[in-house]
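First up is the structure itself, then whatever we jot down about it.
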Amino acid sequence: MAAPLIWLIVALGLAGAEALTGDMFLLMLAGGALAATGSSWLFDLPIWADGVVFLVVSVLLLVLVRPALRRRFELGQGLPDPVKALEGKSALVLDRVAEHAGQVKLDGEVWTARPLNDDDVYEPGDHVTVMRIDGATAVVFKAL
């Protein structure tokens, strides 16, 4: 019963090391070690047979599974851009927002603001919607 325990420790060690690299190479080797754990425990095979199971399963995971996983992670949307996350949020006008000046409170922070339409003017206390972020300036609009 010592061989399955050793393979299990190897599998956990490789999976833990994968957390440091993020390359998914060690994770595939951990899968091979986990398969060797199962085969050693179920069939009581000699250690060389466990090594063959480890080798075959690891190679199959590296060749078939790892490329698909890497593609999936690379094509993922990931986290939204923090600036994009502010678009559509409501803000409170602190200083008069006109063509060249103004301030709003957005998510607890004070932002420089300007109206979406140059002719619009928003007074302090008005609630506006952030249409987009232009550099460090919130472009806002007030729906009537």
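The values are calculated or read from the model by the stated rules, or taken from the named source; none is laboratory data. Keep in mind that what you see is a predicted model, and the values were worked out from it rather than measured. Every residue, glycine among them, receives a Cβ derived from its backbone with ideal geometry; neighbour counts consider all protein chains shown. Side chains are part of the model used for accessible areas, which takes the heavy atoms of the whole protein and leaves out ligands, DNA and RNA. Shrake-Rupley method; radii C 1.70, N 1.55, O 1.52, S 1.80 Å.
Of the residues in region 61-77, none is open to solvent by 60 Å² or more (accessible area, probe 1.4 Å) and small (Gly, Ala, Ser). Hey, among the residues in region 20-55 that are open to solvent by 70 Å² or more (accessible area, probe 1.4 Å) and without any contact (Cβ under 8 Å) to a residue 12 or more places away in the chain, which one's nearest to residue 2 (Cα to Cα)? Among residues in region 20-55 that are open to solvent by 70 Å² or more (accessible area, probe 1.4 Å) and without any contact (Cβ under 8 Å) to a residue 12 or more places away in the chain, the one nearest to residue 2 (Cα to Cα) is 44. The single condition from (1) more than 35 Å from the chain's Cα centre (by Cα); (2) surrounded by 14 or more Cβ atoms within 10 Å (Cβ to Cβ); (3) outside any loop (DSSP other than H, G, I, E, B) that residue 120 fails is (3). Within region 64-114, being in a loop (DSSP other than H, G, I, E, B) and small (Gly, Ala, Ser) holds for 76, 78, 88, 98, 101, 102, 108.
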